[in-house]
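What follows is a single structure, written as structure tokens, with notes after it.
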Amino acid sequence: MLLGLVVYTFSLAIIAQSQSNAQELHNASIAFVDEDQTELSRRVVHAFLPPYFQSPQPITERDIVPLMNAGRYTFVIDIPPNFERYVLGGREPTVQVNVDATAMIQAGLGSGYAQQIIMTEVQDFVDSMLRDRAPRISGEEGLRALEIAVAAEQSYIQSKTCTVGHAG
């Protein structure tokens, strides 16, 4: 009897997990605290795009814990002061990635994506400075892409055409 229950329980758990969409990161809520306010910190923030993440929302450091406890955000990225200066000086400053781990798979996937996004942006920024070249994607292009992504998301949610800001 006990053996039957164990087999049934594990089989049911495997089937339920295999049919679940929870193994994908999609439209995760994200906020950021930008204590640096530099080109690099803006590039990092604007690199978190749909479909994996919602548009990043700015918050203050004191709001991190209350907003995460309220379930408002799954991820909060905290970029420290002097981040760009330390990167350019050869230091390795730490970007804090706060994660609501109640959605375990989303938290694990999102943390990995966040780390990859941050590292990619920092590396491209440093490479562009060392080689005296324009960044892979300029700040203006990144902002334009973000505006388009937000408009597309709003168009989908509202089931109507949305206007994108001026073409700059």
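The numbers here are math on the coordinates, done by the rules we state, and not lab data. Values in this document were obtained by computation on a predicted structure and should not be read as measured data. FYI the Cβ positions are ideal-geometry reconstructions off the backbone, even for glycines, and counts take in every protein chain you see.
Would any residue of region 113-129 have its amide N under 18 Å from a label point 7 Å out along Cα→Cβ of Gln57? List them or say none. None, by backbone N distance to the label point. Multiplying the residue separation of Thr94 and Thr161 by 0.36 nm and subtracting their alpha-carbon distance yields 20.1 nm. Each Cα pair under 8 Å and six or more residues apart adds its sequence gap; the mean of these over the residue count of region 21-158 is a relative contact order of 28 percent. Counted by neighbouring Cβ atoms within 10 Å, the residues Met68, Met104 run from fewest to most as Met104, Met68. Ordered by the number of other Cβ atoms lying within 10 Å of each residue's own Cβ, fewest first, Asp63, Asp132 fall into the sequence Asp132, Asp63. Each of Asp127 and Asn82 was given a label point 7 Å from its Cα along the Cα-to-Cβ line. The distance between the two points is 2.8 nm.
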